[in-house]
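Please read the structure below before turning to the comments.
The values are calculated or read from the model by the stated rules, or taken from the named source; none is laboratory data. This one's a predicted model, so the numbers in the text were calculated from it and none came from an experiment. FYI the Cβ positions are ideal-geometry reconstructions off the backbone, even for glycines, and counts take in every protein chain you see.
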Amino acid sequence: MKLLVAISQTPETTARIAFKDGGTAFDPTGVNFIMNPYDEWYSLVRALELKEEKGGTVTVIHCGPVANEVTIRKALAIGADDAIRVDMEPDSAYAVAQQIAAHATTAGYDIIFTGKETIDYNGSLVAGMVAGLLNLPFISHASKMVFSGDKAIVTRDIEGGTEEIEVAVPFVISASKGMAEQRIPNMRGIMSAKTKPLQILAPVAAESLAKHVEFRVPPAKTAVKMVDPANMDELVRLLHEEAKVI
Amino acid sequence: MIMVFAETQDGKIKRSALESVYYGSKVAAAQGTTCAALVLGQVEDGGKLGAYGANEVWQVNDAKLASFDSQTYAEVIAKVAADKQANVIILPDSSNGKSLTGLVAVKLKAGVLSGVNKLPEWKDGKLYVERALFSGKAFASCRIDSSNAVLSIAGNTLKPVAEGSEVAVTSLTVDVPDAKTKVLSVNRSVGIVPLPEAEVVVSAGRGMKDPSNWGIVEDLASVLGATTACSRPVADSGWRPHHEHVGQTGIAIRPNLYIAIGISGAIQHLAGVNSSKVIVVINKDPEAPFFKAADYGVVGDLFEVVPRLTEAIKKLKSAGH
Ligand SMILES: Cc1cc2nc3c(=O)[nH]c(=O)nc-3n(C[C@H](O)[C@H](O)[C@H](O)COP(=O)(O)OP(=O)(O)OC[C@H]3O[C@@H](n4cnc5c(N)ncnc54)[C@H](O)[C@@H]3O)c2cc1C
Ligand SMILES: Nc1ncnc2c1ncn2[C@@H]1O[C@H](COP(=O)(O)O)[C@@H](O)[C@H]1O
């Protein structure tokens, strides 16, 4: 199987979020960047498992500047065969999706994997856009995928439960928790990643159509009001009369 | 005009649809235009969308829409939107909404913003709207740079109010493409408000010690009409179902009231819940980080405090509130 995994880079989950230039840009000072957890733990690993089961190749694609190559090398260390970097600032989901679609349109992938969302912009848009641009079936927020003959049986998270869906390749899938178990790269993987092929592509002309103009952090919470554990009538009164939520 | 995709489940209008339609009607009012709701497949109570602000309700009732396929649904939504020249297309930021939003935007070549949490504004003829990012640790003002816009709205953005009256449902004929996916089964817990739609959530963590202790959490949820949630280790160890897991890697929620019981308040947990309007934390450790994110805090043993709270709420309810 020929598999493509789209990977993105995000600030670490515990990073302090701040903005600069009058709130127009993310402030990366002191922030560690990681591979987006959904891409690394679930989508990439499920693709690798599938390759181990059925043979084939796993290619990772990332749209981003040269500094992000550490993230690409990590994906190679975990086990991807080769990588593509589209040399650009990934400034909108649409711009990214157009690059991935442009590459995939002639490459003949069986499955295109993404994470369910990036943990920074929380857009959850790229996968659907890629499917739309390539006119491929799309299953979002998949927590499990098994094969039965030539059909994939995908479990998708829905409100309060799950749905099981049958689909034949080629298709686009976005991965949520449950798809696979995180893999830690070993020494051999890290060494071999250095020599695996990394192709740099110039971006195709792409539109953005939507822009994040100004960022801000929410105002600091007012101090917590402590309530005597023996007096839950008081808590109920506060929730009813002051907060008006019950 | 404004077009809203109104979600249904088992032939009934979903709560998220009331919210999306109500939102759509407010956008239409600001723009001096009308709001239409689109329902796909069978529906029994489509007319009630009129009460929540739809000037028209359109239905495409084709057997091919009986179960959900993202491409098929997106194609029909985009066709109707293009045909009717809708300039703002609104979807819920629900599971199906998340499957559809990017697809619909691409099909319409429209600028798109997902998970918006306020009504839009117009400056120099352009649509601006706010959304949360970094799991609620930041907000952004965003702009659409195309003539039409696709917006998916975060749950609990506006409380839907029935301000109008029912309207008749108009049937539309649309060429519906065949689905390339097939839904084999749907497994959903019935009779429970799904977490992303819940106004009150009662959530518990490892402090519960054992899954057999969950009775007190369920009792509290039941007197409040709340949905239950849990922290990640609780779901990971199989104490509670996976779909209850909230946080960075679980689902993000924004109820009016979030009650956290025996949860320490790790940053990855907060990521999924810190957009809640009011947070109550019950924890025996006064140093638990969750208190920093709480509006009301109770330091005490949850096994004593939670049943006491349940009784206090019963008292309030029986007083007629
Ligand atoms: C990348 C990443 C992603 C993650 N994603 C998530 C996520 O999505 N959601 C999530 O929840 N976690 C997530 N985690 C895990 C998170 O870091 C915490 O480990 C987890 O939230 C802790 O769960 P807890 O609060 O239930 O348990 P604990 O941290 O063990 O806390 C239990 C709490 O219960 C209190 N307690 C114990 N007994 C009592 C009692 N009798 N009465 C009252 N209080 C009591 C204790 O004081 C303590 O504060 C993630 C971690 C990582 C690294
Ligand atoms: N810059 C990027 N390069 C490659 N893939 C990306 C990029 N940004 C997002 N993706 C993919 O799209 C998924 C969803 O991202 P988003 O729609 O932005 O939430 C991510 O989990 C990645 O798989």
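Quick notes on this structure:
- Criterion: in contact with a Leu (Cβ under 6 Å, 6 or more places away or on another chain), within 10 Å of chain A (Cβ to nearest Cβ) and in contact (Cβ under 8 Å) with a residue 12 or more places away in the chain - qualifying residue of B:G111, B:G115: B:G111
- Take the conditions (1) farther than 23 Å from B:P194 by Cα; (2) in contact with a helix residue (DSSP H, G or I) (Cβ under 6 Å, 6 or more places away or on another chain); B:L40 misses just one of them, which is (1).
- Subset tally (residues that are free of Cβ contacts under 8 Å to residues at least 40 places away in the same chain, of a type in the set (G, A, S) and outside any loop (DSSP other than H, G, I, E, B)) for the stretch B:251-296: 1
- Meets criteria (within 25 Å of B:A63 (Cβ to Cβ) and within 9 Å of another protein chain (Cβ to nearest Cβ)) for B:S185: yes
- Residue check, A:D81 among the acidic types (D, E), within 14 Å of chain B (Cβ to nearest Cβ), more than 16 Å from ligand 1 (Cβ to nearest atom) and out of contact with any helix residue (DSSP H, G or I) (no Cβ under 7 Å at 6 or more places or on another chain): no
- Annotation note: of A:R46, A:R16, the sole residue that is among the charged types (D, E, K, R) and modelled with pLDDT under 95 is A:R16.
- Any hit, the stretch A:139-162, residues being basic (K, R), touching a residue at least 60 places away in the same chain (Cβ under 8 Å) and surrounded by 23 or more Cβ atoms within 10 Å (Cβ to Cβ): no
- Checking B:N61 against (1) surrounded by fewer than 23 Cβ atoms within 10 Å (Cβ to Cβ); (2) over 25 Å from B:H243 (Cα atoms); (3) within 14 Å of chain A (Cβ to nearest Cβ), the condition it does not meet: (3)
- Among the numbered conditions (1) more than 14 Å from chain A (Cβ to nearest Cβ); (2) closer than 23 Å to A:G123 by Cβ, the only one that B:A154 does not meet is (1).
- Leading residue by the ranking (farthest from B:I251 (Cα to Cα)) among those in the stretch A:136-172 that are part of a strand (DSSP E or B) and away from every other protein chain (no Cβ under 11 Å): A:F147
- Flag if B:V190 is more than 9 Å from every other protein chain (Cβ to nearest Cβ) and of a type outside the set (G, A, S): no
- Out of B:R254, B:R232, B:R240, one residue alone is of a type in the set (K, R) and over 18 Å from B:F290 (Cα atoms). It is B:R240.
- Where strands (runs of 3 or more DSSP E) fall wholly inside the stretch A:1-73, the ranges with 3 or more residues that are more than 16 Å from ligand 1 (Cβ to nearest atom) are A:2-6, A:57-63.
- Qualifying position, being more than 21 Å from B:F134 (Cα to Cα), within 12 Å of ligand 1 (Cβ to nearest atom) and in contact with a Leu (Cβ under 8 Å, 6 or more places away or on another chain), among B:I259, B:I251, B:I282: B:I282
- No other residue among B:S231, B:S222, B:S237 is of a type in the set (S, T, N, Q) and more than 13 Å from ligand 1 (Cβ to nearest atom) apart from B:S222.
- Residue count, the stretch B:273-320 (criterion: within 8 Å of another protein chain (Cβ to nearest Cβ) and of a type in the set (D, E)): 4
- Among (1) surrounded by fewer than 20 Cβ atoms within 10 Å (Cβ to Cβ); (2) at negative phi; (3) away from chain A (no Cβ under 11 Å); (4) not charged (D, E, K, R) - the single one B:G238 does not satisfy: (2)
- Flag if A:T118 is at pLDDT 95 or above, part of a loop (DSSP other than H, G, I, E, B) and at the interface with another protein chain (Cβ under 10 Å from one of its Cβ atoms): yes
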